[in-house]
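The structure under discussion appears below in the form of structure tokens.
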């Protein structure tokens, strides 16, 4: 059973996180034995999860747009509502991905700064050099991962922009001729979604490699 003081510290950590006081937030977790490296691994895993969810969401939006282009009778307004819903869900998924990546960067910056400062505390030159080498290696792997994450993040906006344009056009032109006017957009959106999913899969793979490095 969790002790009252532990529950209190967890509650304090959450409150500090919401208030933006990151140094105090990390300090509260460290009192519970949770180090910055543990928080970093957890946040990278969360970012992975959000990217995987986003892949599914954008694929769903593409499927809905394809259904629109292949519209063959029925209530066009219903098709519009479905497409608009997928667009809104895609916006939310993209925002979640960006938020999770920001949180990864926040704790990584704090971890690497602390690690750098603590190199001066070593008395042993041998251990200091070994720790410094490990820091540089970890930083390089992290940079590879975060660049992959940001690259995938950047692929989301063209898809969102295209979806928004098509949703707005359909909103004001709920007729079969409007659907015909949008048919040329499908191939472009398919290509953008394909590139997006590919970049996200790369980012997820880089995250796996980084997590293994941190755990080992």
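Read-outs throughout are calculated quantities, based only on the coordinates presented, and are distinct from any laboratory measurement. Values in this document were obtained by computation on a predicted structure and should not be read as measured data. Heads up, the Cβs are rebuilt from the backbone with ideal geometry, glycines too, and the neighbour counts pull from every protein chain shown.
General remarks:
- In the chain, the calculated helix contribution to ellipticity at 222 nm averages -31000 deg cm²/dmol per residue, counting -39,500 (n - 2.57) for every DSSP H run with n ≥ 4.
- Distance from the alpha carbon centroid of the stretch 160-203 to that of the stretch 63-80 works out to 13 angstrom.
- The per residue volume of the convex hull around the alpha-carbon atoms of the chain is 151 Å³.
- Rg/Rh for the stretch 110-216, where both radii come from Cα atoms and Rh is the Kirkwood radius: 1.32
- Placing a pseudo-label 7 Å from each Cα along the Cα-to-Cβ vector at residue 70 and residue 127 gives an inter-label distance of 6.5 nm.
- Cα→Cβ-extended label distance, 7 Å offset, between residue 144 and residue 119, nm: 2.0
- Virtual spin-label span in nm between residue 174 and residue 24, 7 Å along Cα→Cβ: 5.1
- Sites residue 135 and residue 195 - FRET efficiency at Förster radius 41 Å, r taken between beta-carbons, to 0.05: 0.75
- Using the Cβ-Cβ distance between residue 109 and residue 31 with R0 = 22 Å, the FRET efficiency computed as 1/(1 + (r/R0)^6) comes to roughly 0.55.
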